[in-house]
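The values are calculated or read from the model by the stated rules, or taken from the named source; none is laboratory data. Note that this is a predicted model, so its numbers are computed, not measured. Cβ atoms come from the backbone with ideal geometry, glycine included; neighbour counts cover every protein chain shown. What goes into the accessible areas is simple: the full protein's heavy atoms, side chains included, and nothing from ligands, DNA or RNA. Shrake-Rupley method; radii C 1.70, N 1.55, O 1.52, S 1.80 Å.
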Amino acid sequence: MKGRVSIERIAIARQRLAELSEHVGGPADRESQLREAEHFLSGILDELETDANASDPGQEADNESRFQTLADTASDGILSIDDQSTIRYVNLAAGQMFGYEPDEMLSKSLTVLMPGRFREIHLTSFRRYLATGQKHLPWRAIELIGLHKSGREFPIEISFGEDVRRDKRFFTGIVRDITDRNRSDEALRASEQRLQAIVDNTTALIFIKDLELRYILVNREYERLFDIGRDQILGKTDFDIHSHDVAEAWRANDRRGIQTGGRL
């Protein structure tokens, strides 16, 4: 029965990891999914260790094979280090991400995967955590810089979880290359800047509100006409910045626009 439960948990974890690999939501959603995936992985490791202690070597090898299959189905990188910051496990995706064969990474310091300027900081912070439990950085969905085998630096997002097995401390991380995501974010910021430049260079009064009628964009002509800075109006409604009568008139006009699809 225990073996069946473990297999079912592996199947569930595989599904969660697949969902995580495809997930493109916001930071809060990514953090929640990362935490859930780490929880499953930690639980499976505990089960595999318990089974290994109570079973024959053939059963232990079978359990390890199942875990390997689970990890290698994930497109996100998975790696584990011990309390010396030595890499003890790497899945295929992590090897590909950093340009190594997985076996090449085993027994190396985690610092080989980070630019030289960050290595001493990592080692000092890691030793302090082991001694005091004080974290230098949060462990959930943190953005760092990875180092490819070729020497190329690239942005990564990583979450770590701690696990104690056979009285030894291990740290398992789920790593994602966020190069494409950062490019998309940068392209969006550039687009927003271009839009702001366009609306700022016209004498027409231009503003944008969300469906709660809060300002999300105003141009320079709006600032000039109402003698107010955009930093004082963004995120606010007309009732926050105009007299009640004026705000009522603006709200009535906005509601007609919403109801008619913008045809006033």
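Some points to look at:
- Of the listed requirements (1) at pLDDT 95 or above; (2) small (Gly, Ala, Ser); (3) open to solvent by 60 Å² or more (accessible area, probe 1.4 Å), Gly99 misses just one: (3).
- Only one of the numbered conditions (1) farther than 16 Å from Met97 by Cβ; (2) β-branched (Val, Ile, Thr); (3) under 12 Å from the mean Cα position of the chain (by Cα) is violated by Val164, and that is (3).
- Residues that are closer than 14 Å to Arg230 by Cβ and free of Cβ contacts under 8 Å to residues at least 12 places away in the same chain within the range 194-213 comprise Ala197, Ile208, listed in sequence order.
- Test for Val112: is it at pLDDT 90 or above, touching a helix residue (DSSP H, G or I) at 6+ places or on another chain (Cβ under 6 Å) and surrounded by 14 or more Cβ atoms within 10 Å (Cβ to Cβ): no
- Here Ala187 passes the criteria (1) surrounded by fewer than 16 Cβ atoms within 10 Å (Cβ to Cβ); (2) in contact (Cβ under 8 Å) with a residue 40 or more places away in the chain except the one numbered (2).
- Among the residues listed as Gly146, Gly151, Gly133, Gly161, the single one being free of Cβ contacts under 8 Å to residues at least 12 places away in the same chain, of a type outside the set (Lys, Arg) and within 26 Å of Asn182 (Cα to Cα): Gly151
- Search result, residues across the range 115-150 that are within 18 Å of Ile87 (Cα to Cα), open to solvent by 50 Å² or more (accessible area, probe 1.4 Å) and polar (S, T, N, Q): Thr124
- From the list Arg224, Arg176, the one residue that fits, being basic (Lys, Arg) and open to solvent by 50 Å² or more (accessible area, probe 1.4 Å), is Arg224.
- Listed by position, the helices (runs of 4 or more DSSP H) contained in the range 86-184 that have at least 1 residues being closer than 16 Å to Asp76 by Cβ are 92-98, 102-105.
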